[in-house]
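Rule-based calculations on the coordinates, nothing more; no lab input. In this text the structure is predicted, and so the values were computed from the model without any measurement. Cβ: placed from backbone, ideal geometry, glycine included. Neighbour counts: every protein chain shown.
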């Protein structure tokens, strides 16, 4: 059976669904097909992430995307069946720096202040007074987001967006996977789905997250996006501080409250952080014993007596070129657009990036957030967009 659409969005996670939803909100009158291989989202980064949102980046464009998502979250309940602010917990991000890392923290803070982000830079004494549970023996400074940072219900938002699309007939939701593409010159003519159906569209959006590099290869294009496994651990401790910010240690460890306990994690060492098997979602338990627990106990002493309760693993859509998103039209293929490669920033940036891409698809320009810095052109020219504040 041959299907048709004006725009086919391959990938129905938060990035793809937000793009489809904003197309409808902005008045797009064509037909949209939203294709998702895993309609349960059991393996989706949207469901498996820590769902953080922060304004503490070193690149103004990253700050702008997160601030635009924050604005969206604060208004979403007016249009969608979600709690106010999508369950946003504004505890902030507390990013700690050693003496060696203090200049970079200060430089990042200057960029954030220029972009209007309400971030406070604290010295060691102020940190000790404000967070008495924190060991600051080897800490020189910290930055805390005073507003608009924390975490929210990303899966709840995704569910609400998809429900709204379906209720209003704004997109055809297709539970299927792309297996091949047929090209005609510099354009995609059609794609074949695992069900055996083919779909022809005027334009295609690649929003498949960690699988984006593999799917791009089906179209004959290189895209440096691959799955990288990240394990999240849930622990309980003798002290519970529900107002604790998401705290980021100079070692790369992060920890924040979750329910009656805490979740924590860290990126693996560079030498062992390679592409993940797309089917490997087994938590890396050794990472906790070898790296995380010692770092936790050193930074926050009451974690010496923690109890490890559970863990899960998910996949970053990791852009190995520069760890930043790839957004916008692909000059190598006349009717292909990208929204992937967020490298851990996807949940907090996808709602805003989806709107920006929808604007481009309708009007050929960005209006809410200028996503030009995230364009494919930088990959082609080999000019990376380097973010210093990667968590």
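For segment 71-154, compute the orientation-averaged projected area of the C-alpha convex hull (one quarter of its surface), in nm². The orientation-averaged projected area of the Cα hull of segment 71-154 comes to 6.5 nm².
Cβ-Cβ distance of residue 281 and residue 106, R₀ of 41 Å, FRET efficiency by 1/(1 + (r/R0)^6): the value works out to about 0.60. The calculated FRET efficiency for the pair residue 29 and residue 179, based on their C-beta separation and a Förster distance of 22 Å, comes to about 0.15. Label reach from residue 302 (point 7 Å along Cα→C-beta): in segment 130-150, amide nitrogens under 14 Å belong to 131-135. Does segment 246-285 classify as rounded, prolate or oblate by the C-alpha gyration tensor (a ≥ b ≥ c root eigenvalues; a/c under 1.5 gives rounded; else a/b over b/c gives prolate, otherwise oblate)? It comes out oblate by the Cα gyration axes.
Between residue 74 and residue 168, the simple spin-label model (points 7 angstrom out along Cα→Cβ) gives 2.2 nm. The alpha-carbon atoms of segment 8-113, seen along their principal axes, cover 54, 29, 26 angstrom, with the largest extent given first. Mean residue ellipticity, 222 nm, helices only, the chain: the sum of -39500 (n - 2.57) across DSSP H runs of n ≥ 4, divided by residue count and rounded to 500, is -8000 deg cm²/dmol.
Each label point was placed 7 Å from the Cα along the Cα-to-Cβ direction; for residue 98 and residue 214 their separation is 3.8 nm. Taking segment 4-37 and a reference point 7 angstrom along Cα→Cβ of residue 334, no backbone N atom is nearer than 16 Å. If you take the alpha carbon atoms of the chain and fit the smallest convex hull around them, that volume is 132 Å³ per residue. From most to least packed by mean Cβ count within 10 Å, the peptides 90-97, 178-185 give 90-97, 178-185. Segment residue 386..residue 239, full-extension length gain: 49.1 nm, with 0.36 nm per residue of separation and the alpha-carbon distance subtracted. Quarter the surface of the alpha carbon convex hull of segment 49-102 and you get the mean projected area, 4.9 square nanometres. Relative to the longest principal axis of the Cα atoms of the chain, the long axis of helix 102-114 lies at roughly 50 degrees. The convex hull of the Cα atoms of segment 130-227, projected and averaged over all directions, covers 11.6 nm². Put in line by how crowded their Cβ is, counting other Cβ atoms within 10 Å and starting with the fewest, 111, 255 read 111, 255. Model label sites at residue 312 and residue 372, defined 7 Å from Cα along the beta-carbon direction, differ in position by 4.0 nm.
Taking only Cα atoms, what is the 0 to 90° angle, nearest 10, from helix 14-25's long axis to the longest principal axis of the chain? With both axes taken from Cα atoms, the answer is about 60 degrees. A Cα-only calculation for segment 213-350 places Rg and Dmax at 17.7, 58 Å. With R₀ fixed at 22 Å, the C-beta to C-beta distance from residue 135 to residue 113 puts the FRET efficiency at about 0.20.
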